[in-house]
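K.L.:
Following this message is one structure expressed as structure tokens.
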Amino acid sequence: WYSNGQRRILKSSVRGSPYFARWYRRKGVRHDPHLTLRDYRYSVNRKEQLYLGNNVGANRHQPQWSHGGADVYIRNKVVKLPDCTKMDGGGWKLVRHVPADTGRWHPAADQLRGTATYGGKGTKQSQHPWSIRYAGTRFNEFMFATGDCKRWMIVPRTSVLGWYSNGQRRILKSSVRGSPYLARWYRRKGVRHDPHLTLRDYRYSVNRKEQLYLGNNVGANRHQPQWSHGGADVYIRNKVVKLPDCTKMDGGGWKLVRHVPADTGRWHPAADQLRGTATYGGKGTKQSQHPWSIRYAGTRFNEFMFATGDCKRWMIVPRTSVLGWYSNGQ
């Protein structure tokens, strides 16, 4: 039901691309809907009315007088959308979908936790919104994409989760940039339509058809891309990048004792000042997607090596250089 509400037109005799017009379809008003080529108030005296019902009288301003009557046609048009699951090396699983013409964003109000389920298991061609449960699934990346795969971004799971308001979050790559960068987004506690995810900073993107996720059935306006890009979809994958073995460096003999993965947004949780007493996260590997540390206090050793996961930045340091107290000390 709508009264002077904005409704979407795909194309018409006055415009060849999607646009909006204000129409009427009110509960109990039997001659509605009142459908016009443009906003009702603009069109009503310009021979641009195309539908009224209930035997309402047609006046001289209505087009059927001079255009051979007025007809209604239907069709089921299926637009074959491309497969986004092969993007960036593939491995993607589609977990949430909203089609182009619902006029709203995703019904989910789980703030992308993956607990919302509705609509059965559909496809990106489905003409209804759907979501499957993915909470508890092992994954480390989201991809948010329009149905036609033309607007998209790949984001670490850790960038999406957590609480932030106009906070800078990391994007790995997107349809506007092929390397990592930051964008300001919203995921506020208790705000059920969040997260509000955009290709660039929210305030820049909001009127440039660069919004890629909103929830809780928020209305989608003409500035939002799913209208003209085949809907909006959410994908997940668990991407494992095989990292080289640093333990063979400089003659070998190294034991890995502490790790933090790339996309936590934080350094090591340990607060033991490298004494080796902190333990957390179980015994992991350098491929682990969570921080971990094992106890090495009491172990006999005389050198540390600090290295990035790809072994490209590293240093070997005497144990005695690290321990002790110093401030800007050599």
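The values are calculated or read from the model by the stated rules, or taken from the named source; none is laboratory data. Keep in mind the model is a prediction, meaning the values are calculated, not measured. Positions of Cβ are backbone-derived with ideal geometry, glycine not excepted, and every protein chain shown enters the neighbour counts. SASA here: full protein model, heavy atoms, side chains in, ligands and nucleic acids out. Shrake-Rupley method; radii C 1.70, N 1.55, O 1.52, S 1.80 Å.
K.L.:
Is it the case that Arg208 is in a loop (DSSP other than H, G, I, E, B), surrounded by fewer than 16 Cβ atoms within 10 Å (Cβ to Cβ), within 32 Å of the chain's Cα centre (by Cα) and free of Cβ contacts under 8 Å to residues at least 24 places away in the same chain?
P.N.:
yes
K.L.:
Next question, about the same structure. Restricting to segment 136-153, what's the tally of residues that are open to solvent by 10 Å² or more (accessible area, probe 1.4 Å) and either small (Gly, Ala, Ser) or without any contact (Cβ under 8 Å) to a residue 60 or more places away in the chain (or both)?
P.N.:
Residues in segment 136-153 being open to solvent by 10 Å² or more (accessible area, probe 1.4 Å) and either small (Gly, Ala, Ser) or without any contact (Cβ under 8 Å) to a residue 60 or more places away in the chain (or both): 1 in total.
K.L.:
Across segment 161-217, what is the total count of residues that are among the aromatic types (Phe, Trp, Tyr) and in contact with a Ser or Thr (Cβ under 6 Å, 6 or more places away or on another chain)?
P.N.:
Qualifying residue count for the region: 1.
K.L.:
Is one or more of the residues making up segment 133-145 closer than 30 Å to Lys11 by Cβ and part of a loop (DSSP other than H, G, I, E, B)?
P.N.:
Taking every residue of segment 133-145 in turn, none turns out to be closer than 30 Å to Lys11 by Cβ and part of a loop (DSSP other than H, G, I, E, B).
K.L.:
What pairs can you find where one residue is in segment 226-249 and under 28 Å from Gly122 (Cβ atoms) and part of a strand (DSSP E or B), the other is of a type in the set (D, E, K, R) and open to solvent by 50 Å² or more (accessible area, probe 1.4 Å), and their Cβ atoms are less than 8 Å apart, with a gap of 6+ or different chains?
P.N.:
Going by the 8 Å Cβ cut-off, the qualifying pairs are Tyr235/Lys93; Ile236/Lys93; Ile236/Arg157; Arg237/Lys93.
K.L.:
Among the residues of segment 177-203, write down those that are under 15 Å from the mean Cα position of the chain (by Cα), part of a loop (DSSP other than H, G, I, E, B) and crowded, with 16+ Cβ neighbours inside 10 Å.
P.N.:
Answer for segment 177-203, where residues must be under 15 Å from the mean Cα position of the chain (by Cα), part of a loop (DSSP other than H, G, I, E, B) and crowded, with 16+ Cβ neighbours inside 10 Å: His193, Asp194, Pro195, Leu199, Arg200.
K.L.:
Check segment 176-186 and report whether any residue there is touching a His at 6+ places or on another chain (Cβ under 8 Å) and either in contact (Cβ under 8 Å) with a residue 60 or more places away in the chain or farther than 24 Å from Asp310 by Cα (or both).
P.N.:
Yes, some residue in segment 176-186 is touching a His at 6+ places or on another chain (Cβ under 8 Å) and either in contact (Cβ under 8 Å) with a residue 60 or more places away in the chain or farther than 24 Å from Asp310 by Cα (or both).
K.L.:
Now, a different point. Scanning segment 238-262 for residues that are loosely packed, with under 15 Cβ neighbours inside 10 Å and touching a helix residue (DSSP H, G or I) at 6+ places or on another chain (Cβ under 9 Å), which turns out nearest to Pro180 (Cα to Cα)?
P.N.:
So the residue we want is Lys255.
K.L.:
Checking Arg133 against (1) closer than 13 Å to Val234 by Cβ; (2) open to solvent by less than 60 Å² (accessible area, probe 1.4 Å), only one condition comes out false. Which one?
P.N.:
Result: Arg133 fails condition (2) only.
K.L.:
Which condition does Leu323 not pass, out of (1) surrounded by 12 or more Cβ atoms within 10 Å (Cβ to Cβ); (2) under 30 Å from Thr158 (Cα atoms); (3) aliphatic (A, V, I, L, M), if it passes all the others?
P.N.:
Of (1) surrounded by 12 or more Cβ atoms within 10 Å (Cβ to Cβ); (2) under 30 Å from Thr158 (Cα atoms); (3) aliphatic (A, V, I, L, M), only one is false for Leu323: (2).
K.L.:
Inside segment 264-317, can you point out the residues that are part of a loop (DSSP other than H, G, I, E, B), among the aromatic types (Phe, Trp, Tyr) and in contact with a Gly (Cβ under 7 Å, 6 or more places away or on another chain)? Explain how you work it out, then say what you get.
P.N.:
Filtering segment 264-317 down to residues part of a loop (DSSP other than H, G, I, E, B) leaves 264-279, 281-291, 294-302, 308-313.
Going one step further and asking which of them are among the aromatic types (Phe, Trp, Tyr), we end up with 267, 296, 301.
The one that is part of a loop (DSSP other than H, G, I, E, B), among the aromatic types (Phe, Trp, Tyr) and in contact with a Gly (Cβ under 7 Å, 6 or more places away or on another chain): Tyr296.
K.L.:
Considering only residues of segment 161-175 that are in contact with an Asp or Glu (Cβ under 8 Å, 6 or more places away or on another chain) and closer than 19 Å to Lys150 by Cβ, which is surrounded by the most Cβ atoms within 10 Å (Cβ to Cβ)?
P.N.:
Leu172
K.L.:
Would you kindly identify the strands (runs of 3 or more DSSP E) lying entirely within segment 2-121 that contain at least 1 residues that are under 24 Å from Ala220 (Cβ atoms) and open to solvent by less than 50 Å² (accessible area, probe 1.4 Å)?
P.N.:
Once the strands (runs of 3 or more DSSP E) in segment 2-121 are filtered for at least 1 residues that are under 24 Å from Ala220 (Cβ atoms) and open to solvent by less than 50 Å² (accessible area, probe 1.4 Å), what remains is 2-9, 19-25, 93-98.
K.L.:
Related question: Of all residues in segment 263-277, which are open to solvent by 80 Å² or more (accessible area, probe 1.4 Å) and closer than 12 Å to Ile294 by Cα?
P.N.:
The one that is open to solvent by 80 Å² or more (accessible area, probe 1.4 Å) and closer than 12 Å to Ile294 by Cα: Arg275.
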